[in-house]
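A short worksheet on the structure shown next.
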Amino acid sequence: MKLSRPSREAPWALRAAATAIAVIALAWFPQALFAEDAGALFRGEVGSSIGTLIASDGEFDSVINPSNALGLTDLSVTTSANLRVERRSDIGSLDFRIDFSAYPIGDALSVPYALAGAPDPALAYAAGDSIWSAEITRAAVLWYASHSAQITLGRQTLVRGYGLAWSPYDLASPLRDPADPSGFVRGVDAISLTVSPSWRFALTAYTLLPEGTTSFEGIVAGTDVNLLAGPAEVRIAGLFGGEEEGIADPYPHSAAIAAYIDLLGAGLYGEAAMRSRSRLGILESDGTQAELNGPIWSALGGLEYVFPSGATLLVEYFFNGEGWNKDQRESFVAGVVSAPTLANLSLYRPGAYSRHYTMFNLLIPLFGSGSEVTASSLFAVDTGTMILNPSLNVTLDQSGNLTGEVMYAGVFDLYGEEASEARLSPAEHQVTVGLRFAF
Amino acid sequence: MKKSTLLIIGFLVAGVASTTAQNVGDILAAADEAFELSDVYSRSTLTITRNGREQATQVMESFQSDAADGTVRSLSVFSAPPRVAGTAYLMIGNDLWIRFASTGRVRKMSSSARTNAAAGSDFSYADMGDGSRSFTAGYSARLDGMESIRGVDAHRIVLTPTQGDAAYERLVAWVSAEELIYLRVQYWTDGAPIKVMDLEDYRRVGNVHYPFVVRMRSLTNDSVSEIVTQEIVPASPRVEDRLFSSTYLRSLR
């Protein structure tokens, strides 16, 4: 399901500049890059996992999966692979990545937060009980135009915020999955120019083409300024989102600020963002969607500390201004019951559903065995949903390329609220065992 | 005792102390010459052996250069094995940024991370970054006798930090008496030695002798990490100012 976007008008100068840069890059850059003494890097990863779901009612029935409409099963197999082609030289770089996956249709709702990180594949089809997808997540050419300027054209990452699970500062990147904070985030189609006359200062200006937009009218633009002063790093960003139309708009007008400071060995960071409206609307109890207008503020505070043993602790608090209050959550549940369409279900963003969240993440490397243990939890403060997500990652071969993972995800309802994520989740527990091979 | 006698003894003590300090300074200055290469590009391997089991050799490119104000800067980019290819560390003074290969994301790290294991090895980020300049920068030195290291007579020198943010509370360095090169450095934390670094296979690079094999052995775990330099180019044109910024780190592939 893709949400329609309003058309936008871009200044003619912007169109001309974008066209000129594209022509120069496409005509000249590949020859120059490949003429350099640079090694191409082909690499990727293939993995497969078996998961088992446990639901207290044994039927995987919930408001978002009525009568197990998605056909969740006790056991399921997920297979994924990615292929990267990378090349770097003194004049620039190429970055290409394509992700393939095959997973049960019901997986989108079977784990607590999967939906937020679910891919929006360019190519996807259903076969039997599975969805097969292929998606180009990176396809960018970077050119060092001078010692202090670089231009990137294509599908690229514009992630800049400090937050691990959430990042209100990231105005131009897709929402990430809070349950998989180290997961790969799909790039956006953009042209970006970064000017950095000193390592203490960098200014990035970009125009991006939102998905589904095929004309210049759909282009939006933004900036990101990075400034280092003493032990502190400060970032300021703005996004011009064009004319606001329609209920859903992934790029509303926005401004954001973020800062990181080192204090007594610990990293303290904060982010704040103001959006002219919510990126998704709300659902009325009769099943119709409505806008959630702003200004809407979101903020995040976090702490990072690395212990002498090598264990890394990250703690975050997220105020989600785009999240729903109790009335809006109850309205959503009523709306989905009355009109359980995919469009309405798509408004549900686990991990960014209510207003207040906390995250705890402790990574413990076991150097002796080449393994690492991660203990992670998310808590939705206003709905009482607790997610526990411990995992063990083990290196299985001498090369370090074959790894095994055992993961548990559990959803616990602490308050008994009807419209909580815990109640909406069709399963309470999931255990996954997987293998991955990097090449 | 007469004042004049006291004065003479005072001068003698001061003179001996001065001579000792001068000697230590001279010894360390000579040993530090190995790290006085500027704008260095190098390609090296890192092999970790844990519990007698050798892990996959990691290959990295390093770029090191001091800023105009003397700030130490280093960039290390890993190219093998596949699982870590694309991982990179940038250190500028006390600031550390890491590029994670799996996501391409760049993250600034706190100073508590600097003393931690780089690439899962027995070297810390600080060891890898600061080692580009000198082991003794930021430490005061005291001669502590002579010892034989690998059959070579060496000065034993105790180093204590002069600044509060030093990565270690104490270093003990052994410098060969004849060639005046570092043979071994021992790192202390919480009142005990935690690891020992051996520097071997010195070869001529430019005007200095440079250790092509640097081996760090943990004294708390059964673990050894060895960096072997495959290629080193001082005053390399590949080492440019623009490399030492988080902007460049983000552009890496």
Which condition from (1) surrounded by fewer than 19 Cβ atoms within 10 Å (Cβ to Cβ); (2) farther than 17 Å from A:Leu153 by Cβ; (3) more than 11 Å from chain B (Cβ to nearest Cβ) is the one that A:Ala205 breaks? (2)
Subset of the stretch A:178-191 (residues that are in contact with a Gly (Cβ under 7 Å, 6 or more places away or on another chain), crowded, with 21+ Cβ neighbours inside 10 Å and not hydrophobic (A, V, I, L, M, F, W, C)): A:Pro178
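For A:Asp382, state whether it is charged (D, E, K, R) and surrounded by fewer than 17 Cβ atoms within 10 Å (Cβ to Cβ).
On the way: charged (D, E, K, R): yes; surrounded by fewer than 17 Cβ atoms within 10 Å (Cβ to Cβ): no.
Here the answer is no, as A:Asp382 does not meet what is asked.
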Within the stretch A:383-426, how many residues turn out to be out of contact with any Pro (no Cβ under 9 Å at 6 or more places or on another chain) and farther than 29 Å from A:Arg43 by Cα? 15
Are any residues in the stretch A:407-426 within 23 Å of the chain's Cα centre (by Cα) and either surrounded by 15 or more Cβ atoms within 10 Å (Cβ to Cβ) or without any contact (Cβ under 8 Å) to a residue 12 or more places away in the chain (or both), and if so, which ones? A:Met407, A:Ala409, A:Gly410, A:Val411, A:Ser420, A:Glu421, A:Ala422, A:Leu424, A:Ser425, A:Pro426
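Evaluate the following for A:Ile21: is it at pLDDT below 75, farther than 29 Å from B:Ala101 by Cα and of a type outside the set (Phe, Trp, Tyr)? First the steps, then the outcome.
Values: at pLDDT below 75: yes; farther than 29 Å from B:Ala101 by Cα: no; of a type outside the set (Phe, Trp, Tyr): yes.
The answer is no for A:Ile21.
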Pick from the stretch A:69-91, criterion part of a strand (DSSP E or B) and of a type in the set (A, V, I, L, M), ranking: farthest from the other protein chains (Cβ to nearest Cβ): A:Leu75
Looking at A:Leu142, A:Leu94 in this structure, which one is at pLDDT 80 or above, touching a helix residue (DSSP H, G or I) at 6+ places or on another chain (Cβ under 6 Å), surrounded by 17 or more Cβ atoms within 10 Å (Cβ to Cβ) and within 14 Å of another protein chain (Cβ to nearest Cβ)? A:Leu142
Please find, among A:Ser192, A:Ser198, the residue that is modelled with pLDDT of 95 or more and within 13 Å of chain B (Cβ to nearest Cβ). A:Ser192
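Which of the strands (runs of 3 or more DSSP E) found entirely inside the stretch A:152-233 contain at least 1 residues meeting this: over 24 Å from A:Val141 (Cα atoms)?
A:220-229
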Every residue in the stretch B:220-253 that is at the interface with chain A (Cβ under 10 Å from one of its Cβ atoms), in contact with a strand residue (DSSP E or B) (Cβ under 8 Å, 6 or more places away or on another chain) and among the charged types (D, E, K, R), please. B:Asp222, B:Arg238, B:Asp241, B:Arg242, B:Arg250, B:Arg253
When the stretch A:298-313 is examined, which residues are found to be part of a strand (DSSP E or B) and either among the charged types (D, E, K, R) or facing chain B (nearest Cβ under 10 Å) (or both)? A:Leu303, A:Glu304, A:Tyr305, A:Val306, A:Thr312, A:Leu313
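It is to be established whether one or more residues within the stretch B:227-235 are at pLDDT 90 or above, of a type in the set (D, E, K, R), assigned to a strand (DSSP E or B) and within 17 Å of the chain's Cα centre (by Cα).
Of the residues in the stretch B:227-235, the ones at pLDDT 90 or above are B:227-235.
This time we only want the ones that are of a type in the set (D, E, K, R), so: B:231.
Of the ones still in play, those that are also assigned to a strand (DSSP E or B) are B:231.
Within this subset, residues satisfying the condition of being within 17 Å of the chain's Cα centre (by Cα) are none.
For the stretch B:227-235, residues at pLDDT 90 or above, of a type in the set (D, E, K, R), assigned to a strand (DSSP E or B) and within 17 Å of the chain's Cα centre (by Cα): absent.
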Residues that are within 13 Å of another protein chain (Cβ to nearest Cβ) and either more than 16 Å from the chain's Cα centre (by Cα) or acidic (Asp, Glu) (or both): does the stretch B:158-167 have at least one? yes
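I need a count of the residues in the stretch A:307-354 that are free of Cβ contacts under 8 Å to residues at least 24 places away in the same chain and under 30 Å from B:Asn221 (Cβ atoms). Before you say what the answer is, go through the steps one by one.
We begin by selecting, within the stretch A:307-354, every residue free of Cβ contacts under 8 Å to residues at least 24 places away in the same chain; these are A:307-308, A:327.
This time we only want the ones that are under 30 Å from B:Asn221 (Cβ atoms), so: A:307-308.
Counting residues in the stretch A:307-354 that are free of Cβ contacts under 8 Å to residues at least 24 places away in the same chain and under 30 Å from B:Asn221 (Cβ atoms) gives 2.
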Of the residues B:Arg203, B:Arg250, which single one is in a helix (DSSP H, G or I) and over 21 Å from B:Asp144 (Cβ atoms)? B:Arg250
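Restricting attention to the stretch B:70-125, which residues are among the β-branched types (Val, Ile, Thr), in a loop (DSSP other than H, G, I, E, B) and facing chain A (nearest Cβ under 10 Å)?
B:Thr71, B:Val84, B:Thr103, B:Thr115
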Restricting the stretch A:237-294 to residues that are polar (S, T, N, Q) and assigned to a loop (DSSP other than H, G, I, E, B), which is surrounded by the most Cβ atoms within 10 Å (Cβ to Cβ)? A:Ser278
Which one of the conditions (1) closer than 30 Å to B:Trp97 by Cα; (2) touching a residue at least 60 places away in the same chain (Cβ under 8 Å) does A:Leu280 fail to meet, given that it meets all the rest? (1)
Positions within the stretch A:162-186 being modelled with pLDDT of 90 or more and within 10 Å of chain B (Cβ to nearest Cβ), in sequence order: A:Tyr162, A:Leu164
Can you confirm whether the stretch B:220-242 contains a residue that is buried (at least 19 other Cβ atoms within 10 Å of the Cβ), of a type outside the set (Ser, Thr, Tyr), free of Cβ contacts under 8 Å to residues at least 24 places away in the same chain and within 17 Å of B:Arg50 (Cβ to Cβ)? no
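Which one is farthest from the other protein chains (Cβ to nearest Cβ) among residues in the stretch A:377-402 that are farther than 30 Å from B:Leu46 by Cα and free of Cβ contacts under 8 Å to residues at least 24 places away in the same chain?
Here the answer is A:Phe379.
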Where the second residue is surrounded by fewer than 19 Cβ atoms within 10 Å (Cβ to Cβ) and among the acidic types (Asp, Glu) and the first is assigned to a strand (DSSP E or B) and lies in the stretch A:127-147, which pairs have Cβ atoms under 8 Å and are six or more apart or on separate chains? A:Glu135/A:Asp120; A:Tyr144/A:Asp90
Residues that are farther than 19 Å from A:Asp249 by Cβ and within 12 Å of the chain's Cα centre (by Cα): does the stretch A:185-202 have at least one? yes
Among the residues that make up the stretch A:210-218, is at least one of them within 28 Å of A:Glu45 (Cα to Cα), out of contact with any strand residue (DSSP E or B) (no Cβ under 9 Å at 6 or more places or on another chain) and surrounded by fewer than 20 Cβ atoms within 10 Å (Cβ to Cβ)? no
For A:Asp37, work out the one condition from (1) over 30 Å from A:Gly434 (Cβ atoms); (2) within 14 Å of chain B (Cβ to nearest Cβ); (3) at pLDDT below 85; (4) surrounded by 15 or more Cβ atoms within 10 Å (Cβ to Cβ) it doesn't fulfil. (4)
Could you pull out the residue among A:Arg329, A:Arg349 that is under 15 Å from A:Asp180 (Cβ atoms) and more than 14 Å from every other protein chain (Cβ to nearest Cβ)? A:Arg349
Does the stretch A:209-230 contain any residue that is more than 21 Å from the chain's Cα centre (by Cα), in contact (Cβ under 8 Å) with a residue 24 or more places away in the chain, within 11 Å of another protein chain (Cβ to nearest Cβ) and closer than 25 Å to B:Ser251 by Cβ? yes
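The values are calculated or read from the model by the stated rules, or taken from the named source; none is laboratory data. Since we're looking at a predicted model, the values are computed, not measured. For neighbour counting, all protein chains shown are included, and Cβ atoms are generated from backbone atoms with ideal geometry for every residue, glycine included.
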